[in-house]
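FYI, it's all coordinate maths here, none of it is from the lab. Here the structure is a predicted model, which means the values were calculated and not measured. A quick note on method: Cβ atoms are made from the backbone with ideal geometry, for glycine too, and the neighbour counts reach across all protein chains shown.
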Amino acid sequence: MKRIIAVFALAVVMLSGCGDTSKIDMLTQSSTSKAETVTTEPPAAVQKTETVAETEAVHEADAGELIDLTVLDSNMVYAQVFDMVNYPETYIGQPVKAKGTFAHTEYNGKDYYAVLIADAAACCSQGMEFELSGDYVYPDDYPELDAEIIIEGTFNTYVEDGYQYCQLIDAVMTTA
């Protein structure tokens with residue numbers, strides 16, 4: 001229970017990522033803008049209660065157990081991803097499934113791909129970088145920017161230019 005409270009308290013702070021967030025920031029900025037819509041949450045007293053599946057997803061998953069972000073509401077997804085990027089050692093090797101919009105950027109001659117997951121207010125997307133399993137060529141083998149995708153891969157971290165990044169490796173992508 002203390003872990004859930006801590007995760008939600010930390011979720012109030014902007015997502016800092018696994019160290020440097022510049023690549024995800026570039027992916028977010030390079031993603032083409034869509035017309036913005038304003039949504040509001042109902043008062044806390046009338047919000048739906050979390051399901052058991054949503055609550056359990058914030059806890060550490062057992063080794064090999066799928067962390068399915070697609071079944072969580074936007075608040076729980078934010079809390080879960082926040083926990084994953086701030087405590088990556090807990091999740092390394094875990095299979096993860098996420099749904100969001102496709103993003104791509106190029107930096108120093110290398111392509112980076114991510115699924116951008118909108119938060120409850122649809123203002124602050126969180127990015128989950130991924131590498132597809134197999135040989136794919138951008139843009140031929142990828143969807144259009146901002147297309148809805150579902151990504152499933154294995155959570156991993158890597159260090160580049162002195163910063164630690166999170167990513168899904170050996171990923172499989174489908175359009176939503």
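Brief remarks on what is shown
- Placing one equal scatterer on every Cα of the range 104-174 and applying the Debye formula, the log10 ratio I(q)/I(0) at q = 0.23, 0.27 Å⁻¹ is -1.21, -1.45.
- Residue separation of V137 and T175 scaled by 0.36 nm, minus their Cα-Cα distance, works out to 12.0 nm of gained length.
- Legend: calculated FRET efficiency, L145 to T90, from the Cβ-Cβ distance at R0 = 35 Å, rounded to 0.05, equals 0.65.
- Ratio Rg/Rh [Cα only; Rh per Kirkwood] for the range 62-158: 0.96
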